[in-house]
Amino acid sequence: MIEYLLLAPVLTAVSCFFAKTRKQVEAVSLTGSIATLILGLSLVAEVYRYDIIITWQNSLFADAFSAFIVLIVSIVGFVSSLYSIGYMGHELEHNTIDMKRLKMYYVLFHSFMFTMLLVGVTNNLGLWIAIEMTTLVSALLMILYSKKSSVEAAWKYMIICTVGITFALFGTILTYYASVKILGETGEALNWTSLLAVADQFDPTIMKLAFIFILIGYGTKAGLAPMHTWLPDAHSEAPTPVSALLSGVLLNCAMYGVIRFYTIAIKSTGTEFGSNLLIVFGLLSIGIAVPFILLQEDYKRLLAYSSVEHIGIIALGIGFGGVFGIFGAILHMFNHAMTKSFMFFGAGNVLQKYETKEIDKVSGIVKSMPATGTMLVIGGLAITGSPPFSIFISEFTILAAGFSGGHIIPSVLFLLFIIMIFAGFFYHISRMAFGVPKPEIKTGDMSRWMLGAMGILAVFVLVLGVYIPPYFYEMIMKVVEIVR
């Protein structure tokens, strides 16, 4: 099952390369995305049944946490592929890109999907390689338009994330050094399944140092402050479907790496050391996002700084610990992925209609694009944690964990930060959504493909705010047990 899941996006990317026409490449891409989604859901069902799957000489595995990441990648990848048909088709029709670039986009899109799926199912410290692969492929997607600003953003992304991933490599080497003393110089000393069994015997000092390197390294890729500086540029310059994948999925993949190492480190160091670091970096990320959201002039950068905030919230939930803290953090990973992708799709619709990313130059979206405008208002409320939407549930759970766990000052700061972010974020969204559109803006929404993709994500945003299906709840609880 794991091999088939990884093979699907690879075959799709190769098939897109040999496609001749726009209809062919879109049909191949959509078929491949559906296949990846079905295989991803099948893997989730298998893990639910057997708890853990190990294959390929122990180098690939899937437990509940792996399946959770695969689920996020598969769903957001599918809706992004659906959205791409309308969005990239519009770019082609308006000569923003040519057929060659369209094909290259879909080849890289599915290659990117492969690298993120690989992050979730890698059963060893080679996770570092998989995360580095995501950097290389996503950087090529950022420069699709070959604009000066996108090339600069891609270079900034490559340089900062490469420095970060070097820190992660040091952390990986230190973890291997600690494991070799117990397991010997064998391949088993690299596998998660082996490391977890003996992690309580590792040298605490080495593991503390290793976790610091890991947190800085993978935290850079996740967008944790102060290593977040690449994120606003990269997310705002990439094609909108890629922005959704970067913000909704790639950041979660990097946090997955942090949390995996956290589960190993706490067995030898105790929970206090790692938890305190996550609380500090989490609060710093949320706090730094506040002024940039309040004073933002570019709506795609607004969404990017929102991602810095939400990655900080996930780190804060893991740091607070306990069943509620970890449950809230894991649920928030899923909720943020769905809601932020939903918002980026809305931003993409606005960008193609108004041909600007400046907030001051956009108004009256509800009148000019009724469906997009309505969903954008809903998304603005949802992404800022308003009830009764999905993110409210996960944020409230994390906040409750903070107060009940005795983390009073961090919890109060968290509450103050999200109140300020709500005020600033929704002020910008309301300015764009309401008012009178300029006379040159014609009334009418974007393509059905784009609205359909937003509609699918809207279901998750609305339903998970009032109801968590038992199967999904059990899956998250299994992840909570792994992290604890």
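The values are calculated or read from the model by the stated rules, or taken from the named source; none is laboratory data. Quick caveat, the model's predicted, so the values are computed rather than measured. Note: ideal-geometry Cβ built from the backbone for every residue, glycine included; neighbour counts use all protein chains shown.
Pairs, please: C-beta under 9 Å, at least 6 apart or cross-chain, first residue β-branched (Val, Ile, Thr) and in the range 60-73, second not in a helix (DSSP H, G or I)?
Filtered contacts from the range 60-73: 70/62.
Among the listed residues 475, 446, 450, which satisfies the condition of being in contact (Cβ under 8 Å) with a residue 24 or more places away in the chain, of a type in the set (A, V, I, L, M, F, W, C), out of contact with any strand residue (DSSP E or B) (no Cβ under 7 Å at 6 or more places or on another chain) and closer than 26 Å to residue 45 by Cα?
475
With respect to residue 308, is the statement that it is over 28 Å from residue 478 (Cβ atoms), among the β-branched types (Val, Ile, Thr) and either part of a helix (DSSP H, G or I) or modelled with pLDDT of 95 or more (or both) true?
Yes: the conditions hold for residue 308.
Under 30 Å from residue 379 (Cβ atoms), touching a helix residue (DSSP H, G or I) at 6+ places or on another chain (Cβ under 8 Å) and among the acidic types (Asp, Glu) - does that describe any residue in the range 185-207?
no
Look at residue 332 and say whether it is closer than 26 Å to residue 266 by Cβ and in contact with an Asp or Glu (Cβ under 9 Å, 6 or more places away or on another chain).
Judged against the criteria, residue 332 is a match.
Which count do you get for residues in the range 100-155 that are farther than 16 Å from residue 234 by Cα, out of contact with any Ser or Thr (no Cβ under 6 Å at 6 or more places or on another chain) and without any contact (Cβ under 8 Å) to a residue 24 or more places away in the chain?
Final tally of qualifying residues: 2.
Among the residues of the range 454-479, what is the count of those that are closer than 14 Å to residue 334 by Cα and part of a helix (DSSP H, G or I)?
13
Taking the residues in the range 1-25 that are surrounded by fewer than 22 Cβ atoms within 10 Å (Cβ to Cβ) and touching a Ser or Thr at 6+ places or on another chain (Cβ under 8 Å) as candidates, determine which candidate is modelled with the lowest pLDDT.
1
Could you pull out the residue among 231, 196 that is over 30 Å from residue 300 (Cα atoms) and in contact (Cβ under 8 Å) with a residue 40 or more places away in the chain?
The unique qualifying residue is 196.
Just need a number here: residues in the range 194-229 that are buried (at least 23 other Cβ atoms within 10 Å of the Cβ) and within 19 Å of residue 134 (Cα to Cα).
12
Just to be sure, is residue 307 farther than 23 Å from residue 212 by Cβ and among the small types (Gly, Ala, Ser)?
Yes; evaluated as a whole, the condition is true for this residue.
In the range 18-32, what count of residues is obtained for those that are touching a residue at least 60 places away in the same chain (Cβ under 8 Å) and part of a helix (DSSP H, G or I)?
6
Of everything in the range 307-334, what is crowded, with 24+ Cβ neighbours inside 10 Å and over 22 Å from residue 66 (Cβ atoms)? Give them in sequence order.
307, 308, 309, 312, 313, 316, 319, 320
Please go through the range 431-484 and pick out each residue that is among the β-branched types (Val, Ile, Thr) and closer than 17 Å to residue 78 by Cβ.
Passing the criteria: 456, 459, 461.
Where in the range 174-285 are the helices (runs of 4 or more DSSP H), entirely inside, with at least 2 residues that are more than 27 Å from residue 112 (Cβ to Cβ)?
Result: 192-198, 204-222, 251-269.
Do we find that residue 182 is more than 17 Å from the chain's Cα centre (by Cα), without any contact (Cβ under 8 Å) to a residue 24 or more places away in the chain, under 25 Å from residue 65 (Cα atoms) and surrounded by fewer than 22 Cβ atoms within 10 Å (Cβ to Cβ) in this structure?
Spelling it out, it is not the case that residue 182 is more than 17 Å from the chain's Cα centre (by Cα), without any contact (Cβ under 8 Å) to a residue 24 or more places away in the chain, under 25 Å from residue 65 (Cα atoms) and surrounded by fewer than 22 Cβ atoms within 10 Å (Cβ to Cβ).
Select from the range 263-301 the residues that are over 30 Å from residue 342 (Cα atoms), in contact (Cβ under 8 Å) with a residue 60 or more places away in the chain and of a type in the set (Ser, Thr, Tyr) and list them in ascending order.
263, 268, 269
Sort out for me the helices (runs of 4 or more DSSP H) sitting completely within the range 43-157 that have 2 or more residues that are at positive phi and buried (at least 17 other Cβ atoms within 10 Å of the Cβ).
No helices (runs of 4 or more DSSP H) qualify here.
Identify, from the list 483, 459, 479, the residue that is among the hydrophobic types (A, V, I, L, M, F, W, C) and loosely packed, with under 14 Cβ neighbours inside 10 Å.
One residue alone meets the criteria, 459.
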